[in-house]
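Every read-out reported here was derived from the displayed coordinates using simple, explicitly stated rules and does not represent laboratory data. Owing to the predicted nature of the structure, the values given are computational and were not obtained by experimental measurement. Note: ideal-geometry Cβ built from the backbone for every residue, glycine included; neighbour counts use all protein chains shown.
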Amino acid sequence: MATLDIKDLHVTVDTEDGTKEILKGVDLTIKDGETHAIMGPNGSGKSTLAYSIAGHPKYTVTGGSVTLDGADVLEMSVDERARAGLFLAMQYPVEVPGVSVANFLRTAKTAIDGEAPKLRTWVKDVNGAMEKLSMDPSFSQRSVNEGFSGGEKKRHEIMQLELLDPKVAILDETDSGLDIDALKIVSEGVNRFKQNSDKGVLLITHYTRILRYITPDFVHVFVDGRMAEQGGPELAEELESTGYDKYVSAARA
Ligand SMILES: Nc1ncnc2c1ncn2[C@@H]1O[C@H](COP(=O)(O)OP(=O)(O)OP(=O)(O)O)[C@@H](O)[C@H]1O
Ligand SMILES: [Mg+2]
């Protein structure tokens, strides 16, 4: 079971010009086995939503609730959220010089499971995940994200998804910067994750291309800090041809 329930979420960020409200009452429920796509203009607050769910300290929740299977996510520390089964693939993955991919993954897996993975099966799992994502085995010895190309960073995020096996995966523009083959490989990785019927996926994207590989159950339009519209996959196609104008004007009115 995995239901992520977001109700009337308000979030502010402290900027040089004072406190700014970015999320203005977000409602979203992701049930077991559902894939939700969020599309919306630049700066509308999509990444802020992803970071707020994951517990980034820069964002202050000023109202509303986030629960995972009934447990209060907002009360949890960042690691507790990860242990509870939340996973975030960031839009701009951070570099961690001096920490190898292999060590990073093992440390993360150990922290999440509460015990170190058995070495033999772990090496097999890591190599298997790399092979499935067509990553060169030498990657495991490189520093996390350091000098990785845009596409390599995104594959590395999906490799984490594959190995850490969370309940709910939030993927923030995991499709951006991928070439055609990599987009397919990454989508296949997400679809393998989705095969387990109890998983939830929140996919933030600007492009309908990825939605042809990963079929969403729901598409949401996100404008000015809240959901402006909800529909099925056809809504993504509509947005592709008409853009966000209608929703942006309605939000201003
Ligand atoms: N740490 C921060 N400091 C200052 N402003 C911030 C911070 N984080 C977010 N913002 C502002 O909040 C707004 C929403 O940003 P966010 O990154 O959530 O948008 P987005 O919808 O993900 O955009 P994009 O499609 O370009 O990725 C922007 O105006 C951004 O400048
Ligand atoms: Mg963003």
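Hey, which lysines would be in cross-link range of Lys7, C-alpha to C-alpha under 27 Å, not counting anything within fewer than 8 residues on its own chain?
Within the straight-line limit of under 27 Å, Lys7 reaches these lysines: Lys20, Lys24, Lys31, Lys46, Lys58, Lys167, Lys194, Lys199, Lys246.
How far is helix 119-132 tilted off the main Cα axis of the chain, in degrees rounded to 10, range 0 to 90?
60 degrees
Against the empirical 2.2 N^0.38 Å scaling, what ratio does the C-alpha Rg of the range 40-156 come to? Write out the running numbers ahead of the final one.
Numbers: Rg = 16.3 Å, N = 117, 2.2 N^0.38 = 13.4 Å.
Ratio of Cα Rg to 2.2 N^0.38 Å: 1.21.
What list do you get for Arg155, Arg212 if you sort them by fewest beta carbons within 10 Å?
Details: Arg155 23, Arg212 13.
Ordered from fewest to most neighbouring Cβ atoms within 10 Å, Arg155, Arg212 come out as Arg212, Arg155.
How high is the FRET efficiency from Glu80 to Lys132, r the C-beta distance, R0 30 Å, rounded to 0.05?
It comes to 0.55.
Quick one: P(r) of the chain from all Cα-Cα pairs, 5 Å bins, percents rounded to integers, in order of increasing distance.
1, 6, 13, 17, 20, 17, 13, 8, 3, 1, 0, 0, 0
Taking only Cα atoms, what is the 0 to 90° angle, nearest 10, from helix 233-242's long axis to the longest principal axis of the chain?
60 degrees
Go ahead and run the numbers for FRET between Thr60 and Arg252, Cβ-Cβ distance against an R0 of 25 Å, rounding to 0.05.
0.50
Could you give the spread of the C-alpha atoms of the range 133-197 along their three principal axes, from largest to smallest, in whole angstroms?
35, 24, 20
Using a 10 angstrom Cβ neighbour count of at most 16 plus a DSSP loop assignment to flag exposed GluC sites (Glu not before Pro), which longest range of the chain is free of such sites?
In the chain, the maximal stretch lacking such sites is 147-253.
At a 10 Å Cβ-Cβ cut-off, how would you order Lys154, Lys46, fewest neighbours first?
Least to most surrounded, the residues fall as Lys46, Lys154.
Work out the charge dipole of the range 179-241 with +1 on the Cβ of Lys and Arg and -1 on the Cβ of Asp and Glu about the Cα centre, then indicate which of Ile204, Asn191, Phe222 is farthest towards its positive end.
Final value for the positive-end residue is Asn191.
Once both axes come from the Cα atoms, what is the angle between helix 101-113 and the longest principal axis of the chain, in degrees from 0 to 90, rounded to 10?
70 degrees
Quick check on the exposure proxy: order Arg120, Arg226 from fewest to most C-beta atoms within 10 angstrom.
Arg120, Arg226
Nearest 0.05, what FRET efficiency do Asn42 and Lys124 give at R0 = 45 Å with Cβ-Cβ as r?
It comes to 0.60.
Rounded to two decimal places and with Rh computed the Kirkwood way over Cα pairs, what is Rg over Rh for the range 170-253?
Values: Rg = 13.8 Å, Rh = 13.9 Å.
Taking Rh as the inverse mean 1/r over Cα pairs, Rg/Rh reads 0.99.
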